[in-house]
1. Among the numbered criteria (1) of a type outside the set (D, E, K, R); (2) modelled with pLDDT under 95; (3) assigned to a helix (DSSP H, G or I), which single criterion is violated by residue 45?
2. Just checking, how many residues over region 14-42 are open to solvent by 60 Å² or more (accessible area, probe 1.4 Å) and touching a residue at least 12 places away in the same chain (Cβ under 8 Å)?
3. Taking residue 67, is it among the charged types (D, E, K, R), more than 30 Å from residue 18 (Cβ to Cβ) and open to solvent by 80 Å² or more (accessible area, probe 1.4 Å)?
4. Within the set of pairs 6 or more residues apart or between chains, which connect a residue that is in a helix (DSSP H, G or I) inside region 83-100 to a residue that is surrounded by 10 or more Cβ atoms within 10 Å (Cβ to Cβ) with Cβ atoms less than 7 Å apart?
5. How many of the residues in region 23-61 are of a type outside the set (A, V, I, L, M) and within 30 Å of residue 8 (Cα to Cα)?
Amino acid sequence: MVARGRFASEVLGLDLVLVGTRLRFFAGSALLEDADEMIARLGSMLDEVIEGQEELAGRLTEEQRLREEEQRLREEEQRLREDAERKLAEALAEIERLKKGAS
């Protein structure tokens with residue numbers, strides 16, 4: 001059956017229309033993508049996924065760098081604390097030694 005330049009295909013359940021030299025498929029009033037359009041759309045989607053993965057990898061790398069820097073700072077803080085405690089213990093011992101020597 002032909003209506004308004006459309007050819008209905010009962011087998012496909014679609015309407016076929018010649019647009020220029022191209023045969024296009026319609027589901028109701030919706031134009032279905034042809035292979036080239038679908039490949040282009042899927043290519044764009046793939047590019048977006050790849051871009052997202054690269055962005056995520058960059059964020060993960062930065063987070064790892066920040067965790068390593070935080071760990072280094074904690075270790076440095078611990079070393080400084082231990083050094084200060086050692087110096088305090090030495091100073092207290094020297095004070096006690098001087099007190100004993102003065103008596």
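The values are calculated or read from the model by the stated rules, or taken from the named source; none is laboratory data. Everything numeric in this text was worked out from a predicted model, so none of it was measured. Cβ coordinates were reconstructed from backbone atoms using ideal geometry, including for glycine residues, and neighbour counts include every protein chain displayed. Calculation scope for accessible area: heavy atoms of the full protein, side chains included, ligands and nucleic acids excluded. Shrake-Rupley method; radii C 1.70, N 1.55, O 1.52, S 1.80 Å.
1. If we test residue 45 against (1) of a type outside the set (D, E, K, R); (2) modelled with pLDDT under 95; (3) assigned to a helix (DSSP H, G or I), just (2) comes out false.
2. Residues that pass the stated criteria total 4.
3. Values: among the charged types (D, E, K, R): yes; more than 30 Å from residue 18 (Cβ to Cβ): yes; open to solvent by 80 Å² or more (accessible area, probe 1.4 Å): yes.
When the stated conditions are applied, residue 67 passes them.
4. Correct list of pairs: empty, since none qualify.
5. Going residue by residue through region 23-61, those that are of a type outside the set (A, V, I, L, M) are 24-26, 28-29, 33-34, 36-37, 41, 43-44, 47-48, 51-55, 58-59, 61.
Now restrict to residues that are within 30 Å of residue 8 (Cα to Cα): 24-26, 28-29, 33-34, 36-37, 41.
Residues meeting the conditions: 10.
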